[in-house]
Structure formats: structure tokens, C-alpha cells
1. So what J values fall out for the stretch 106-118 if you push phi through Karplus, 6.51 cos²θ - 1.76 cosθ + 1.60 with θ = phi - 60°, rounded to Hz, Gly and Pro as x?
2. Using the count of nearby Cβ atoms within 10 Å as a rough guide to exposure, how do Ser110, Ser77, Ser21 rank from fewest to most?
3. Please list, in order along the stretch 84-90, the HN-Hα scalar couplings obtained from phi with the Karplus expression 6.51 cos²θ - 1.76 cosθ + 1.60 (θ = phi - 60°), rounded to whole Hz, x for Gly and Pro.
4. For Asp123, Asp179, which order do you get if you count the other beta carbons within 10 Å of each Cβ and list the fewest first?
5. Under a Cβ-only charge scheme (Lys and Arg +1, Asp and Glu -1), can you give me the dipole magnitude of the stretch 72-119 about the Cα centre, in debye to the nearest 20?
6. Going by how many other Cβ atoms sit within 10 Å of their own, how do Leu95, Leu185 line up, fewest first?
7. Among Ile109, Ala201, Tyr46, which residue has its Cα furthest toward the positive end of the charge dipole of the stretch 46-209, with +1 on Lys/Arg Cβ and -1 on Asp/Glu Cβ?
8. Bins of 5 Å, beginning at zero and ending with the bin holding the largest distance: percent of Cα pairs per bin for the stretch 46-209, please.
Amino acid sequence: MLYPNQAMEDQVVWLASPSGSFRTGATWNFLRQKRSKVPWFRLIWYSNSIPKHSFIAWLAILDRLSTRSRQKNWSSSIDDTCVLCGNASETRNHLFFSCPYTTHIWEKISSMLEIPLNCIWQDALGWLCKRVKHKALYSSLLKLAWCASIYHIWIERNSRIHRQLYRSPSAIIDMIQMDVRDKVLGSVKERSSPMSRKIAALWGLETLCTAKV
């Protein structure tokens with residue numbers, strides 16, 4: 001049996017923290033389910049990400065976006081035809097980037113990143129995951145451009161369904177470029193090198209690469 005110590009004042013002890021004091025981080029680690037890191041985590045969650053872009057890209061990776069093909073699983077009466085091309089079932093893999101409409105967008109973005117054009121979802125995801133392990137300008141552009149492409153394609157898809165607003169692939173490309181450029185200019189610093197200068201010029205980011213190595 002435990003007896004209270006009358007000589008000491010009562011204290012609240014937070015058992016989730018080694019120090020006994022409440023700490024948000026320690027509490028989060030205590031409550032969350034711990035699993036091994038997924039191979040794509042650096043592609044989605046990073047310090048200079050655009051949160052709304054990362055969130056949509058995360059749902060796309062998990063195949064949790066409410067595509068028409070998924071909706072048809074809930075109701076057979078739903079038309080699952082892609083609203084961007086009108087020629088195929090609207091699946092995650094079709095939207096990113098097998099659809100002719102989105103292929104055009106990803107082809108342009110890929111050329112600006114100087115990466116091989118790959119429109120097969122799993123292949124493109126695997127390729128990118130191997131090349132975003134650093135914080136240099138090129139790695140930042142890869143992550144930002146990929147997430148922005150997914151985000152703006154999804155927004156265009158929703159605009160066509162819910163608002164009957166249609167934009168060309170060129171308009172989507174311009175929005176991707178603007179978002180990426182604005183984010184990089186405000187958060188990324190890069191020392192000058194032939195590779196960084198070349199990529200920066202393609203994105204209108206020459207001012208980032210003025211310092212000599």
C-alpha cells in the first residue's frame with residue numbers, strides 16, 4: 001500500500017515525457033503509431049514545401065483522391081470517363097500522367113527540369129524518390145514541380161466538374177511555374193554551378209545563382 005508523503009506538495013507528472021513535464025513532441029511520439037519511413041516521404045514532406053500541394057500529392061500517392069473510377073465503385077451509375085480528355089476511365093494513374101491533357105503538361109515540366117519524360121505513375125514516382133535526397137536547388141525544383149503539377153491538374157479536374165471552367169494545358173503550366181518560382185525565390189539559396197545556372201535559367205531563377213563557387 002502507498003502512503004502519501006505529507007512533507008511534499010502534490011505534483012502532476014506527465015508519464016509520456018522522460019522528464020515528467022508535458023512536452024508536445026514527447027506526447028506526439030507517445031501517441032502516434034510508429035512505422036518505418038516510406039520511400040517517398042522526402043518527395044512530399046520537406047521544409048520549403050507548399051502544404052496544400054503536398055497534401056494533394058500525398059492523397060495521390062495513397063490513391064485516395066476521389067477519382068471517378070473510385071466513385072464508380074460506390075455507385076455503378078456514375079460515369080467514370082476522364083473530364084480532361086473524355087477518352088478513358090478517370091483513375092489516379094490515368095490522371096498522372098497518362099491522359100493526353102496531363103501528358104502535355106508533364107512533358108513541358110519534365111523538359112524544364114531536364115529529366116526523362118515518364119508518364120507511368122509508379123515509374124515516375126520511383127525515379128523521383130531516388131533523386132530528392134538533397135536540399136540543393138535541383139532537388140527543390142523536382143519536389144515542388146511534381147507536387148504542383150499534381151495539385152493543379154487535380155484543381156483543373158474539379159473546376160471542370162463543379163464549375164464548368166476549362167483551362168488549356170498552357171494555362172496550367174503557367175500556374176505551376178509561378179508557384180514553383182515564387183516558392184524557390186523565397187526559400188532556396190544556391191551556389192553557382194553550370195548545372196544550377198542552366199536549370200535556374202529554365203525557371204527564370206537566374207538571381208539565385210550569382211555567387212561564385
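Values quoted throughout were computed directly from the atomic coordinates according to the rules given, and no laboratory measurement underlies them. Being a predicted model, the structure only gives us computed values, none of them experimental. Neighbour counts are summed over all protein chains in view; Cβ atoms, including those assigned to glycine, are modelled from backbone coordinates with ideal geometry.
1. After applying 6.51 cos²θ - 1.76 cosθ + 1.60, I find 5, 4, 5, 5, 4, 5, 6, 8, 6, 10, x, 5, 9 Hz.
2. The most exposed by this proxy come first: Ser77, Ser21, Ser110.
3. Listing the rounded values in order: 8, 10, x, 10, 8, 5, 7 Hz.
4. Asp123, Asp179
5. Rounded to the nearest 20 debye, it is 60 debye.
6. Ordered from fewest to most neighbouring Cβ atoms within 10 Å, Leu95, Leu185 come out as Leu185, Leu95.
7. Farthest towards the positive end: Tyr46.
8. Binned Cα distances yield the sequence 1, 9, 18, 22, 20, 13, 9, 5, 2, 1, 0, 0.
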